[in-house]
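Report on the structure given below.
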Amino acid sequence: MASTPWTPGITAGRLSQEEIKQNFSDIDPLFEPHEAAVAADRCYFCYDAPCITACPTAIDIPLFIRQIQTGTPEAAAKTILDQNILGGMCARVCPTETLCEEACVREAAEGKPVEIGRLQRYATDTLMAASVHPFERGPETGKTIAVVGAGPAGLACAHRLAMRGHSVTLFEAKEKLGGLNEYGIAAYKTAGGFAEREVDWLLQIGGITVEYGRKLGSGLELGTLTSEYDAVFLGVGLGAVNALRAEGEDKDGVQDAVAFIADLRQSDDLTKLPIGRNVIVIGGGMTAVDAAVQSKLLGAENVTIAYRRGRDRMGASGHEQDHATSAGVRLLTHVVLRQVIGNGAVREAEFEYVTETDGGLAGTGETFRLPADQIFKAIGQTLEAGPEGLTLQGNKIAVDENGRTSIDGVWAGGDCAAGGDDLTVTAVAEGRDAAEDIHRALSQ
Amino acid sequence: MADLTTDFLGIKSPNPFWLASAPPTDKEYNVRRAFEAGWGGVVWKTLGSEGPPVVNVNGPRYGAIYGADRRLLGLNNIELITDRPLEVNLREIKTVKRDYPDRAMIVSLMVPCEEEAWKAILPRVEDTGADGIELNFGCPHGMSERGMGSAVGQVPEYIEMVTRWCKQHSRMPVIVKLTPNITDVRYPARAAKAGGADAVSLINTISSITSVNLDDFSPEPSIDGKGSHGGYCGPAVKPIAMNMVAEIARDPETHGLPISGIGGITTWRDAAEFISLGCGTVQVCTAAMTYGFKVVEEMKSGLSQWMDEKGYARIDDFMGRAVPNVTDWQYLNLNYVTKARIDQDSCIKCGRCYVACEDTSHQAISMSPDRVFEVIDEECVACNLCVNVCPVEDCITMEKMQVGQVDPRTGKTVEPDYANWTMHPNNPSSQAAE
Ligand SMILES: Cc1cc2nc3c(=O)[nH]c(=O)nc-3n(C[C@H](O)[C@H](O)[C@H](O)COP(=O)(O)OP(=O)(O)OC[C@H]3O[C@@H](n4cnc5c(N)ncnc54)[C@H](O)[C@@H]3O)c2cc1C
Ligand SMILES: Cc1cc2nc3c(=O)[nH]c(=O)nc-3n(C[C@H](O)[C@H](O)[C@H](O)COP(=O)(O)O)c2cc1C
Ligand code: SF4
């Protein structure tokens, strides 16, 4: 008997192959040329456009949209990629409703911004479909740089360094490149193996040697890298997960949301991926939403996001919250997980209502229980024990505006570095800017 | 409810909306559909002389210019006059006129520039019971190479001569359709009047090349890799047509000559503007070819609503009302001073006014770091460019300065009196006159 959403416990195959295919298909399919023309036509070509300022990589948006308008999406793609080499991924995953599209003057005018993200995808997909890599390596400089971590930050840094003629060795702990593009981003945002394709496309620049399965801190030491290379860039992301500090959180069925999503992203048959009937996600950010929505899409009957503050304080944007609720996810706010109940495996979760006080949270004493087969922790990632000698700021590596760390010759960027939002686009911007600073430093 | 009926040269029609001579009026089938849809009249597709009909190209005849969302703004054609036998057309005209006696039926004609040719065709047209004829002196392509169409329309003497023949050999009202492919439209209009024309209609299409194919370098529409100029029409030509209409309406020599306005009329508003410039009826081609005959419903309802709102009971009540306000530049009041004003509440901060004024005009708009845009009165010459480029309607307006105020740009006090260039001290002829 095949499982259904009502099958108790944690089980695979709650939905049919067709339903899964439908659920995990591209959320915002590629524009047809005419749709792109119509969408592009809405752009006013603003002076000193607010959308450019709102983009962490400062893409010249009015220019690329005009290039689409005049029938040259390839030129538009070049404009985008000049600033953001992962423009294709960003077009899919950026929370544009809080970035460029929020700043669009048509959002102010009529509550309906120009669809910048989708137009960006139209341009970059057009170029990538033609397998064109519009950049060339600069003349060889003879300088070598170690880039640690092949997420958006590391990839952007490596590409820009290669463009400047340097030789890059990219050390990646895992067997695949892309970082959270490959392991973290929601499947329906990057359907069709896009993350992998984009990395292959990016590496066409040349001058980048990849070393897989090489983890800094496990047989690869920062001191060695600094002595063997002219510069080092750290783009290791946030490998560890914050602790819940709830009683019974070690029970079976309590899992990191990020690990669950990574399994999901790497699964080649989602009907074989087990999911609970009653799923609870603890947290309020993008990861919480992605874990909850994808649980629902896998066929979980009841999915609840439990967040300790109000909706306005959630890391996930209003757009993403709406996305969750429209997928059938229930949003509970002002609740804190106090206890995980079950005999070996989780069966119930006990919450307490809390109120927000100045800065803090106070329990109200009122508790309730929800049935739970699976609890995903999405309460934030944190830096894995970093290399020694690096000054931290908060829990992240302290950097100056050019990405320089406290150690001479070592730069850092992306999620692992302090400052900036934990977004793909921010990681790209920081990787790129660090590369330019490294280039400046090495050219002196 | 406003009365939309018109009486043009004694030809009555239930509304001023006629279909211009073109494919929509090429045969009985179309014209019946048009009348069923509510059109007030038609000018039948231009007929030629007896004999083997003209032939059209067998490849594409039209080219187009688009606005946003492929909205058709301009159309260009290389079609000739009707390619159907004369007898068939005449027979159909007769039947349709019989079945729709309340609609205007005008027959467009183009035959060689010889008196015999006109003498031969006129009685046959009269025999159909048609209400009048329109002389097609406008078609700019194909027929003009054979000494007809705009080849006649570009020579005032020929216009006068042919018009006179038509008046002599027929009792029907004669409308002369003018070509815009001339330098001063008043000359052909005066010639038509001198020849006895009852009215003029304008404009026919404008010689044009709409686009060039950048793969094979052929103008479009391309016929086997070559293109010839076509005739341009549609919304894009309306400003040109209206100016020509106004020139004829206010020319002392032709003032009062009835006009049927043509060129880019797409909505009731366009029609109202043509009528206010002195047209007794309007003719439509491209709008019908783009959207079908049903557009006439919006034209009628819109015109009627606007007339009700304004208190015009009949078309005549506002016909020609704009003509006295069309003047020459030299008579414009130089003491009329305005300044641009930006309404901060409706401003969406796109900055288009700023860059337009800063890059290409008078550096009269300031921009603050938080994108507040304000007009600098000391610099603003009131050119209107900012108003025109602003995407928000009524966000930037032109405010009139009051008499007695000092224009901070010129330091001069705004004078109460009307004063134009002919009186201006910088004008050499005005000084000479003193
Ligand atoms: C579930 C989830 C969903 C998200 N959704 C979005 C979204 O929709 N839109 C958005 O903009 N952002 C999203 N984000 C955030 C975004 O993915 C990150 O901000 C971005 O990937 C950070 O890039 P990075 O290069 O700094 O780090 P990562 O992408 O984490 O890459 C770090 C890389 O370093 C490698 N690495 C780690 N440690 C070592 C080591 N010691 N030695 C060698 N290699 C190492 C890792 O294997 C990895 O490949 C999401 C994050 C998560 C977790
Ligand atoms: C395809 C086509 C064929 C035309 N044929 C004729 C014609 O045979 N006789 C004529 O007088 N005008 C002809 N015209 C011109 C129209 O009657 C009209 O003057 C012109 O299109 C401008 O009006 P519009 O902007 O409403 O289209 C033709 C126009 C088009 C588009
Ligand atoms: S009216 Fe002309 S000069 Fe005045 S502010 Fe506008 S663009 Fe500048």
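Scan the stretch A:65-76 and tell me whether some residue there is without any contact (Cβ under 8 Å) to a residue 40 or more places away in the chain and touching a strand residue (DSSP E or B) at 6+ places or on another chain (Cβ under 9 Å). Checked the stretch A:65-76: no residue is without any contact (Cβ under 8 Å) to a residue 40 or more places away in the chain and touching a strand residue (DSSP E or B) at 6+ places or on another chain (Cβ under 9 Å).
Here residue B:414 meets the list (1) open to solvent by less than 40 Å² (accessible area, probe 1.4 Å); (2) in contact with a strand residue (DSSP E or B) (Cβ under 9 Å, 6 or more places away or on another chain); (3) under 23 Å from residue A:106 (Cα atoms) almost entirely, failing just condition (3). Taken together, A:285, A:253 contain a single residue that is open to solvent by 10 Å² or more (accessible area, probe 1.4 Å) and at positive phi, which is A:253. The strands (runs of 3 or more DSSP E) found wholly in the stretch A:359-444 and carrying at least 1 residues that are of a type outside the set (Val, Ile, Thr) and farther than 26 Å from residue A:85 by Cβ occupy A:361-371, A:374-378. Given the criteria out of contact with any Leu (no Cβ under 7 Å at 6 or more places or on another chain), more than 14 Å from every other protein chain (Cβ to nearest Cβ) and surrounded by fewer than 13 Cβ atoms within 10 Å (Cβ to Cβ), does residue B:328 qualify? For residue B:328, the condition - out of contact with any Leu (no Cβ under 7 Å at 6 or more places or on another chain), more than 14 Å from every other protein chain (Cβ to nearest Cβ) and surrounded by fewer than 13 Cβ atoms within 10 Å (Cβ to Cβ) - is met. Checking B:238, B:294 one by one, the residue that is exposed (fewer than 13 other Cβ atoms within 10 Å of the Cβ) and under 30 Å from residue B:60 (Cβ atoms) is B:294 and no other. Just one of (1) open to solvent by 20 Å² or more (accessible area, probe 1.4 Å); (2) closer than 19 Å to residue B:15 by Cβ; (3) not in a helix (DSSP H, G or I) fails for residue B:280. It is (1). Please indicate, with yes or no, whether at least one residue in the stretch A:324-337 is surrounded by 16 or more Cβ atoms within 10 Å (Cβ to Cβ) and of a type in the set (Lys, Arg). Scanning the stretch A:324-337, I find no residue that is surrounded by 16 or more Cβ atoms within 10 Å (Cβ to Cβ) and of a type in the set (Lys, Arg), so the answer is no. In the set B:382, B:313, B:322, only one residue is touching a Leu at 6+ places or on another chain (Cβ under 7 Å) and either closer than 30 Å to residue B:252 by Cα or of a type in the set (A, V, I, L, M, F, W, C) (or both); that residue is B:322. Looking only at residues of the stretch B:164-190 that are touching a Gly at 6+ places or on another chain (Cβ under 6 Å) and farther than 21 Å from residue B:283 by Cα, we find that the one that is least open to solvent (accessible area, probe 1.4 Å) is B:167.
Before we move on, is residue A:109 assigned to a helix (DSSP H, G or I), free of Cβ contacts under 8 Å to residues at least 24 places away in the same chain, open to solvent by 30 Å² or more (accessible area, probe 1.4 Å) and within 11 Å of another protein chain (Cβ to nearest Cβ)? Spelling it out, residue A:109 is indeed assigned to a helix (DSSP H, G or I), free of Cβ contacts under 8 Å to residues at least 24 places away in the same chain, open to solvent by 30 Å² or more (accessible area, probe 1.4 Å) and within 11 Å of another protein chain (Cβ to nearest Cβ).
Cβ contacts < 6 Å: first residue more than 16 Å from ligand 1 (Cβ to nearest atom), restricted to the stretch B:318-344; second residue of a type in the set (Phe, Trp, Tyr), any location; separation 6+ or different chain. Result? Here the result reads B:318/B:312; B:330/B:421; B:333/B:418; B:342/B:373, each pair linking the stretch B:318-344 to a residue that is of a type in the set (Phe, Trp, Tyr). All of (1) open to solvent by less than 30 Å² (accessible area, probe 1.4 Å); (2) within 24 Å of residue B:150 (Cα to Cα) hold for residue B:67 with one exception: (2). For the residues B:222, B:218, B:207, the requirement of being of a type in the set (Ser, Thr, Tyr) and open to solvent by 50 Å² or more (accessible area, probe 1.4 Å) singles out B:207.
Could you tell me whether residue B:412 is closer than 24 Å to residue B:430 by Cβ, charged (D, E, K, R) and more than 9 Å from ligand 3 (Cβ to nearest atom)? Here the answer is yes, as residue B:412 does meet what is asked. Residues in the stretch B:386-408 include at least one that is more than 30 Å from residue A:49 (Cα to Cα) and either buried (at least 17 other Cβ atoms within 10 Å of the Cβ) or within 14 Å of chain A (Cβ to nearest Cβ) (or both). In the stretch B:138-155, the residue that is farthest from residue B:227 (Cα to Cα) out of those that are open to solvent by 40 Å² or more (accessible area, probe 1.4 Å) and either assigned to a helix (DSSP H, G or I) or touching a strand residue (DSSP E or B) at 6+ places or on another chain (Cβ under 9 Å) (or both) is B:146. Residues that are assigned to a helix (DSSP H, G or I) and either of a type outside the set (Asp, Glu) or closer than 21 Å to residue A:195 by Cβ (or both) do not occur anywhere in the stretch A:327-350. The residues of the stretch A:85-101 that are in contact (Cβ under 8 Å) with a residue 40 or more places away in the chain and hydroxyl-bearing (Ser, Thr, Tyr) amount to a single one, A:98. Counting only helices (runs of 4 or more DSSP H) that fall entirely inside the stretch A:1-86 and contain at least 1 residues that are within 14 Å of chain B (Cβ to nearest Cβ) and open to solvent by less than 40 Å² (accessible area, probe 1.4 Å), the qualifying elements are A:33-41, A:50-54, A:61-69. Once the stretch B:121-137 is narrowed to residues that are of a type in the set (A, V, I, L, M) and in a helix (DSSP H, G or I), the residue that is farthest from residue B:199 (Cα to Cα) is B:121.
Tell me, please, whether a residue that is outside the structural domain of residue A:95 (by TED's automatic domain parsing), closer than 20 Å to residue A:190 by Cβ and buried (at least 17 other Cβ atoms within 10 Å of the Cβ) can be found in the stretch A:299-314. Within the stretch A:299-314, none of the residues are outside the structural domain of residue A:95 (by TED's automatic domain parsing), closer than 20 Å to residue A:190 by Cβ and buried (at least 17 other Cβ atoms within 10 Å of the Cβ).
On inspection, residue A:169 passes the criterion of being over 14 Å from the mean Cα position of the chain (by Cα), within 13 Å of ligand 1 (Cβ to nearest atom), of a type in the set (Val, Ile, Thr) and in the same structural domain as residue A:411 (by TED's automatic domain parsing).
For the stretch A:287-326, a residue qualifies if it is part of a loop (DSSP other than H, G, I, E, B) and within 19 Å of the chain's Cα centre (by Cα), and the qualifying residues are A:314, A:315, A:316, A:317.
Would you say residue B:42 is closer than 21 Å to residue B:123 by Cα and not in a loop (DSSP other than H, G, I, E, B)? For residue B:42, the condition - closer than 21 Å to residue B:123 by Cα and not in a loop (DSSP other than H, G, I, E, B) - is met.
The requirement of being part of a strand (DSSP E or B) and surrounded by 14 or more Cβ atoms within 10 Å (Cβ to Cβ) is fulfilled nowhere in the stretch B:79-98; no residue meets it.
Residue B:378 meets the conditions (1) outside any loop (DSSP other than H, G, I, E, B); (2) within 12 Å of ligand 3 (Cβ to nearest atom); (3) loosely packed, with under 15 Cβ neighbours inside 10 Å in every case but one. The failed one is (1).
Looking only at the stretch B:341-354, decide whether some residue is acidic (Asp, Glu), open to solvent by 20 Å² or more (accessible area, probe 1.4 Å) and within 14 Å of chain A (Cβ to nearest Cβ). For the stretch B:341-354, residues acidic (Asp, Glu), open to solvent by 20 Å² or more (accessible area, probe 1.4 Å) and within 14 Å of chain A (Cβ to nearest Cβ): present.
The values are calculated or read from the model by the stated rules, or taken from the named source; none is laboratory data. Keep in mind that this is a model prediction, so the values were computed, not measured. Note that we place each Cβ from the backbone using ideal geometry, even for glycine, and neighbour counts take in every protein chain shown. What goes into the accessible areas is simple: the full protein's heavy atoms, side chains included, and nothing from ligands, DNA or RNA. Shrake-Rupley method; radii C 1.70, N 1.55, O 1.52, S 1.80 Å.
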